[in-house]
Each structure stands twice: as structure tokens, then as C-alpha cells.
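Written out below as C-alpha cells is the structure these notes cover.
The numbers here are math on the coordinates, done by the rules we state, and not lab data. All values reported here derive from a predicted model rather than from experimental measurement. When we count neighbours, we look across all protein chains shown, and the Cβ atoms used for this are built from the backbone with ideal geometry, even at glycine.
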Amino acid sequence: SIPLSFFGGLGGASRRGILVKGSNYLEALANVEIAVFDKTGTLTKGNFKVSGIFPAESVITGNAELKESVSGEMKAEAEERLIRMAAHAEIHSSHPIAASIRDAYGKAIDAEGMDEIEELSGYGVKALIDGKTVYAGSRKLMNDLGIRIENEAAAGTLVHIAEDGKYAGYILVEDEIKYDSQRAVKELMAMGIKKIVMLTGDRKNIGESVGKKLGITEIYTELLPADKVEKMVGLMKQKSPKGKLIFVGDGINDAPVLAGADIGIAMGGLGSDAAIEAADIVIMTDEPSKVAEAIKISKKTLRIVK
Ligand code: ADP
Ligand code: MG
């Protein structure tokens, strides 16, 4: 028997764009002690734009020492070739980075001459293009392949590309922090949530700079989907017996964590169908501050019940 006021609580939440899949989750929200956020698509918009294409010097010239004499024309040609290769490798990926690369290429991508197209979750993509093995993804991916990165930008999310075991360069992609994210962190802190944590598969300096801007101090970076689960299991042990851990994500590379948290909260607008399926609560407006609002509704509902 569910107390009547829970229906009021669920209804009130849904009118605010917060879909709670059961009164048990609404009740559990009152005891949240640890709030864990994914970065990309959750605290940031997940709307990447390509802001630079950087073919490896050795790719442009065939010789790093000739750097000075590279003509503008050679450079433009190498850039075109790199973005074309990346756009093809990303042909089927649903990651927002993939969409930004296909957009920047701006031409039709045909699958002719392509084979073995694979998504490497939390990592990048792999494809056979005209008989050549192309990888596009994180520094971690390149490290695991034993491919040396020649040089890279200090800031921004980077998509490194390798062709037949040789480093081919990188593409700089940039995302923006959601306007609402700072408010979300502030409100959760003001409510006395003990721990606010960010998990990301992105590189260290991006993760830390986003976290710092939002006032999150506990940040874990360069995590694969399985590493995110492992981190969450560790955090679970830091709660009191009745305390709850929430994970807030968009479902891209974090569906296992969403499913494993006490309460999984998914972004419903941008998030994947798999995330909406795996989550206990769905935020239709994609605003992280709705998490604090949901906790407030829970506490208010429980006061009425008691
Ligand atoms: P987050 O944990 O912040 O949500 P993801 O797990 O989605 O980030 O991705 C982690 C990292 O893996 C990205 O920052 C990117 O470097 C790389 N990556 C993942 N998918 C792709 C892809 N399709 N193309 C290129 N890089 C990718
Ligand atoms: Mg994500």
C-alpha cells in the first residue's frame, strides 16, 4: 500500500519534468548522501564542435625536420585528409564527438571500401578504410595501441587518429558547460549532500577544469565504462547504512553505472534510449539542478507521509 501523498509527489515531480519510475525511488531520494555525475552530456551540453585539425608533422612532410618549409597548401590537404579519415571511422558512432566530426567534414560519407567498423566504448572507434586500419579516440586508446602521440594541444578534448599503426594527428573538439550545472552543485551542497563526485572518460585537464569551474573537488578522469563502475562501487562503501548514492548520466558510456547505482538518474532529452531504460529517474529538461529539486520534493512528500 502506497500512501496517497506519494502519488502527489510523483505527479508534482512529473509536472516539473522529473519522471520518477516508482514511489520507492522518491522515498530513497530523501537519504542521498553521495551524488556522482558523469561529465559529457550531463554537466556539459554534449554538443561538440570541431575547432582545429592538426595532422602530424611527419604525415605532412614525411620528415619532422622539414616543419618550417611546409606550404599552406600541403597543410590544408593534410587537414582535409585527416578529417575525412576520422569522419569515415565515425560513420556509425552515436557519440556526440562523432557527430561533430561528421559535421566538420561536411561531405557525404559513403561506406564503400569500409569494413570492420567498431565502436570502442569510452575510448573511440576503429574501422578498416580502403584496407588501412584506422583508430580514432582518446590518448588512452593510443597508449594501449602503443602509438606515440607526437605533440598535442594543452586544452580541449582531443580525438587522436592512427592509420596502420602510425600516428596521423588529432582533431580538437570543444563542448560547453551547461548553464544550469553550477546551480545544481551549489544547491546539492546547500542541502548537505556530503559528497559530490564527477566521473569522466575525458582527459585529466578537461575533467579537472570543468570540475573546478563547478566547485566539484572529487574528480576521476580517463575512465573506461568498467572503471566508472569500479569507482562507484568504491564510493558505495562510503555511505552510512541508510544512505543512498545517486548517479546522474546521459547513458553514453555510462549505462552500467546508471543501472548499478542506488538511484540512476538519466538525462531524457539528450540521453540515449538505453539510458532512459536503465534509469530509475529521468530528467526530461536535461537540467542537472532538477536533481536537487527532486530531493526537495522527496523530503516534502515524506514529511506529509509521516
Ligand atoms: P564522459 O565520461 O565524460 O561522458 P565518454 O565516456 O563518452 O566521456 O568518452 C570518453 C572519451 O573517450 C572522450 O573524451 C573521447 O576522448 C573518447 N571517445 C569516446 N567515444 C568516442 C568516439 N566515438 N570518437 C572519438 N573519441 C571518443
Ligand atoms: Mg557521458
*Around residue 281, what is the net charge, scoring Lys/Arg as +1 and Asp/Glu as -1 over all other residues with Cβ under 14 Å from its Cβ?*
-3
_Just to confirm the filter: which trypsin sites (Lys or Arg not before Pro) across the stretch 157-261 are DSSP coil and have at most 16 other Cβ within 10 angstrom of their Cβ?_
194, 237, 242
*With a cut-off of at most 10 other beta carbons within 10 Å, and DSSP calling the residue loop, which chymotrypsin sites (Phe, Trp or Tyr not before Pro) in the stretch 152-185 qualify? Please list them.*
179
_Summed residue charge, Cβ within 13 Å of residue 92's Cβ, Lys/Arg positive, Asp/Glu negative_ = -4
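Assign one of three labels to the stretch 177-306, namely rounded, prolate or oblate, based on the Cα gyration tensor with a ≥ b ≥ c the square roots of its eigenvalues; rounded applies when a/c is under 1.5, prolate when it is not and a/b is larger than b/c, and oblate otherwise.
rounded
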*From the backbone phi of the stretch 163-174, what are the Karplus-calculated ³J(HN,Hα) couplings (6.51 cos²θ - 1.76 cosθ + 1.60, θ = phi - 60°) in whole Hz, Gly and Pro given as x?*
10, 6, x, 10, 5, 10, x, 9, 10, 8, 10, 10
*Please give the net charge around residue 152, taking every other residue with its beta carbon less than 15 angstrom from that of residue 152, where Lys and Arg add +1 and Asp and Glu add -1.*
0
*Among all stretches of the chain without exposed GluC sites (Glu not before Pro) (DSSP loop, at most 13 other Cβ atoms within 10 Å), which one is longest?*
177-306
_Order of 37, 54, 7, 247 under a 10 Å beta carbon neighbour criterion, fewest first_ = 7, 54, 37, 247
_Just the number: Rg to Rh for the chain, Cα atoms, Kirkwood Rh, two decimals._
1.06
*In degrees, nearest ten, helix 96-105 long axis to first principal axis of the chain (Cα)*: 30
_Order of 172, 29, 141, 199 under a 10 Å beta carbon neighbour criterion, fewest first_ = 172, 141, 199, 29
_Between 0 and 90 degrees, rounded to the nearest ten: what's the tilt of helix 204-214 against the longest Cα principal axis of the chain?_
40
*the stretch 49-174 shape via C-alpha gyration tensor axes, a/c threshold 1.5*: rounded
*Note down the nm distance, to one decimal, between modelled labels 7 Å out along Cα→Cβ at residue 71 and at residue 92.*
4.0
*What's the angle, to the nearest 10 degrees (0 to 90), between helix 72-89's Cα axis and the longest principal axis of the chain?*
50
_Sequence-separation-based contact order of the stretch 143-286, relative, with Cα cut under 8 Å and 6+ spacing, percent_ = 13
*Restricting attention to the stretch 6-61, which trypsin sites (Lys or Arg not before Pro) occupy a DSSP loop and are surrounded by at most 11 other Cβ atoms within 10 Å?*
none
_About the Cα centre, charge dipole magnitude for the stretch 246-306 (Lys/Arg +1, Asp/Glu -1 at Cβ), debye_ = 620
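Using only DSSP helix segments of four residues or longer, with each worth -39500 (n - 2.57), what per-residue ellipticity at 222 nm results for the chain after dividing by its residue count and rounding to 500?
Details: 12 runs with 119 residues, N = 306.
Calculated from helices alone, the mean residue ellipticity at 222 nm is -11500 deg cm²/dmol.
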